[in-house]
């Protein structure tokens, strides 16, 4: 039996193709969502999925949550989308942004997407953490390659009770944060969304948006707080769920990120559509995914039995979409190698998991990046 107490089944959006997301610039910010309800919840006549929605919010302390000052650190497409949703719902949200600061100051923040548009005329925006000041909740959304800036960026935002939710890719981010804030104040959020910022301050939300929360340090109190954060985002119209074990839900997401983000990067920054024209690479993706599932199992986290078939079917519908690390490579930007592939492979090696295909992928990625 795995450590995770929550059974995981599947319920996920598909990342649909549009004229915009076939260009090199758009990216799959996060892979398709793999987590859904307990089968027994459906049988019991409860909601079709054990998610929170704006009409189903078991929040124990709404007054406390509603009075929080929230700061989004690293407000790119991901941070602006979720921050705008929270602000529209009446939360006190500030954004720390750089290149988008002037456009947003002049024209406001615009979100266009499948589930409706948002325009915030005068969002609370700052250029630096020092200008922004203290936060009750920091939502960290920048790429993991920027984590070297945490030593300078975090202290101005923290007071004794500040908590942080990291919505970043891969593993190792909570460990990096724990150098600056108590581990029990760190929460991991896994978001599954297709979004992009074609111009500063204008975000296009193509699909998805669901989030799962879990405490970095598993505990009853941590789970209760994760449930509060799930309720906070649910009030903003985002489908959410809280879990006790962060690593369990991380592995579910990594079953997509490791093979597909990795292969599209290793093969030169190609699209999913191009990958699926190469039968040997499709077989390779399946082999890598099975090794990720095995690693999770050997570490004590049982994933859904149909996860490989599910991810393959979903990914086959993405067409010319280019995963985020492949986009970063194409654009000459740093790639999140350590968070997605390096730190996770180390976890596999800790339990002596046999992962030859995964190891070869990592070697291929390193060779590509070292060229």
* **From 353, 320, residue being in a loop (DSSP other than H, G, I, E, B), touching a helix residue (DSSP H, G or I) at 6+ places or on another chain (Cβ under 7 Å) and within 19 Å of residue 291 (Cβ to Cβ)** => 353
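With the structure loaded, tell me whether residue 281 is in a helix (DSSP H, G or I), surrounded by 15 or more Cβ atoms within 10 Å (Cβ to Cβ) and either without any contact (Cβ under 8 Å) to a residue 24 or more places away in the chain or outside the structural domain of residue 348 (by TED's automatic domain parsing) (or both) or whether it fails that test. Quick ask: steps written out before the conclusion?
Working: in a helix (DSSP H, G or I): yes; surrounded by 15 or more Cβ atoms within 10 Å (Cβ to Cβ): yes; either without any contact (Cβ under 8 Å) to a residue 24 or more places away in the chain or outside the structural domain of residue 348 (by TED's automatic domain parsing) (or both): yes.
For residue 281, the condition - in a helix (DSSP H, G or I), surrounded by 15 or more Cβ atoms within 10 Å (Cβ to Cβ) and either without any contact (Cβ under 8 Å) to a residue 24 or more places away in the chain or outside the structural domain of residue 348 (by TED's automatic domain parsing) (or both) - is met.
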* Which one of the conditions (1) farther than 24 Å from residue 243 by Cβ; (2) assigned to a helix (DSSP H, G or I); (3) at pLDDT 95 or above does residue 325 fail to meet, given that it meets all the rest? -> (3)
* Does the stretch 70-95 hold any residues that are surrounded by 24 or more Cβ atoms within 10 Å (Cβ to Cβ) and in a strand (DSSP E or B), and which are they? -> 71, 72, 73, 93, 95
* To do: Filter the stretch 255-279 for residues that are more than 25 Å from residue 347 (Cα to Cα) and under 21 Å from the mean Cα position of the chain (by Cα) and give the result.
  => 269, 271, 272
* From the list 151, 146, pick out the single residue that is over 25 Å from residue 192 (Cα atoms) and either outside the structural domain of residue 181 (by TED's automatic domain parsing) or part of a helix (DSSP H, G or I) (or both). => 151
* Asked: Where in the stretch 205-266 are there helices (runs of 4 or more DSSP H), lying fully within it, with 1 or more residues that are at pLDDT 95 or above and more than 21 Å from residue 302 (Cβ to Cβ)?
  -> 220-234, 262-266
* Every residue from the stretch 154-167 that is in contact with a helix residue (DSSP H, G or I) (Cβ under 7 Å, 6 or more places away or on another chain) and not in a loop (DSSP other than H, G, I, E, B) -> 156, 157, 163, 164, 165, 166
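The values are calculated or read from the model by the stated rules, or taken from the named source; none is laboratory data. Computed from a predicted structure; not experimentally measured. Note that each Cβ is placed from the backbone with ideal geometry, even for glycine, and that neighbours are counted across all protein chains shown.
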